[in-house]
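Asker: Could you have a look at this structure, given as structure tokens, before my questions?
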Amino acid sequence: MARKYDESDAKVRPARSTRPRSKDRPSHKDAIRGFVIQVDRGRTSCVTEAGVLVSAMKARELGKNSVVVGDQVALVGDTSGSEGSLSRIVSVYERKNSLTRTVDDAGALERMIVANVDQMVIVIAAANPEPRSGLVDRCLVVAFDQGIEPIILITKGDLADANNFLKPYLNLGVKTLQTSRGGDLIQIKELLRNKTSVLIGHSGVGKSTLVNALLDTDVRAVGDVNDVTGRGRHTSSSAVALKLPELKNQVNSGWIIDTPGVRSFGLRHVDRDRVIGSFSDFADVINKCAKNCSHDEVGCELDLWAGSETARKERVKSLRGLLNSDE
């Protein structure tokens, strides 16, 4: 005889939870503030307002690449800084600015390098490797766009005279300095005092040597220049914030952020008008250009302004190079 089924035979799947999930997140009112000095392999090194160095990991909800050197973050958990301790970054405070470049080997992908900086020190060698204006102009675009004070620093001044290289930038009001091996660093230290400054430069320009001299210790590996390519070899793999020795007792001042030597500094993420606007010496000239002028065509006012003057022609060439660059 066939069996009759009733409701007791039906299996009812129990609810996953007896309590509805709350959308409320912890307020973390007990969080303390920290300054990010290095991000490396999933671990973030921070200095608290009390001057304690702590190791932290990011909360999952923050997502990948959400924290960079220079960030001010909220920390919870074990912030004692003792060996083996680990705190957690639960939020990132609003940034006043950020230094971002387009990654040339990944299309138009933006990569943030550092945040919350007062000054950008663009490090260029007078020779070996030869100075190139391309990187300087790209860095200046980002610096002006983000409200960062730019400084052009020439190293290896004992090898060559860089005055001609610096001429186009003097009219922009950009601070310029020159150093040589074993030279006096007093002027540079005064500019860095009570500021958070990021150092940007190609590999081999003497950036790590400069950092070691400023800190009076060998904290950064020093590389050399390839005799075949004329380019430097990378010696730093990640950005790191370092405190100037005379300001060690002042937690939030006198930081220099050393960055890995860059091969390129893409600007594809920067709007074209913002690139043009960073060339302040062209402002009056560009206002005379025809509407929708590409600034790289016959009849452009920039050509009339440049005339036969070499320095002006180089400035126009630089702007056009940035506007037409694929990076």
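Asker: Taking region 32-92 on its own, what percent of its Cα-Cα pair distances exceed 17 Å?
Answerer: Everything past 17 Å amounts to 24 percent.
Asker: How do the peptides 141-150, 73-82 rank, highest first, by the average count of neighbouring beta carbon atoms within 10 Å per residue?
Answerer: Averaged packing, sorted descending, gives the order 141-150, 73-82.
Asker: If you don't mind, another one. Using per-residue counts of other Cβ atoms within 10 Å, averaged over each peptide, order 62-69, 32-39 from highest down.
Answerer: 32-39, 62-69
Asker: Something else about it: How much net charge surrounds Gly299 when only other residues with a Cβ under 13 Å from its Cβ are counted (Lys, Arg +1; Asp, Glu -1)?
Answerer: Residues near Gly299 contribute -2 overall.
Asker: Run the dipole for region 32-92 about the Cα centre, Lys and Arg Cβ at +1, Asp and Glu Cβ at -1, nothing else charged, and hand back the magnitude in debye, nearest 20.
Answerer: Values: 7 positive and 6 negative charges, 48 e Å.
Its charge dipole is roughly 240 debye.
Asker: Let me ask something additional. Simple spin-label model, 7 Å along Cα-to-Cβ: Gln38 to Leu172 in nm?
Answerer: 3.2 nm
Asker: So if R0 is 25 Å, what FRET efficiency would Arg181 and Glu149 give, r being the distance between their Cβ atoms, rounded to the nearest 0.05? Kindly include the intermediate steps, with their values, before the conclusion.
Answerer: Working: r = 26 Å, r/R0 = 1.05.
Working from the Cβ atoms, E equals 0.45.
Asker: Arrange the peptides 132-138, 170-176 so that the one whose residues have, on average, the most other Cβ atoms within 10 Å appears first.
Answerer: Per-residue Cβ counts within 10 Å, averaged per peptide and sorted highest first, yield 132-138, 170-176.
Asker: Find how much the distance from Ser82 to Arg132 grows on full extension, using 0.36 nm per residue of separation minus their present alpha carbon separation; answer in nm with one decimal.
Answerer: Contour length minus the Cα-Cα distance gives 13.4 nm.
Asker: Modelling each spin label as a point 7 Å along the Cα-to-Cβ direction, I'd like the Ile276/Lys313 distance in nm, to one decimal.
Answerer: 2.4 nm
Asker: Test of understanding: what is the full-extension gain from Asn292 to Lys29, defined as 0.36 nm times their sequence separation minus their Cα-Cα distance?
Answerer: Extra length from Asn292 to Lys29 when fully extended: 89.4 nm.
Asker: Set the Förster radius R0 to 25 Å, insert the Cβ-Cβ distance between Glu94 and Val52 as r into 1/(1 + (r/R0)^6), and round the FRET efficiency to 0.05. It would help to have the intermediate numbers written out before the result.
Answerer: Numbers: r = 23 Å, r/R0 = 0.94.
The formula returns an efficiency of 0.60 here.
Asker: Please compute the length gained on full extension between Glu190 and Ser66, using 0.36 nm multiplied by the number of residues separating them and subtracting their Cα-Cα distance. Intermediate values should be presented prior to the final figure.
Answerer: Working: separation 124, 0.36 × 124 = 44.64 nm, distance 3.24 nm.
Using 0.36 nm per residue and subtracting the Cα-Cα distance, I get 41.4 nm.
Read the figures in this text as sums done on the coordinates, not as results from a lab. For clarity, every value in this text was computed on a predicted model and none was experimentally measured. When we count neighbours, we look across all protein chains shown, and the Cβ atoms used for this are built from the backbone with ideal geometry, even at glycine.
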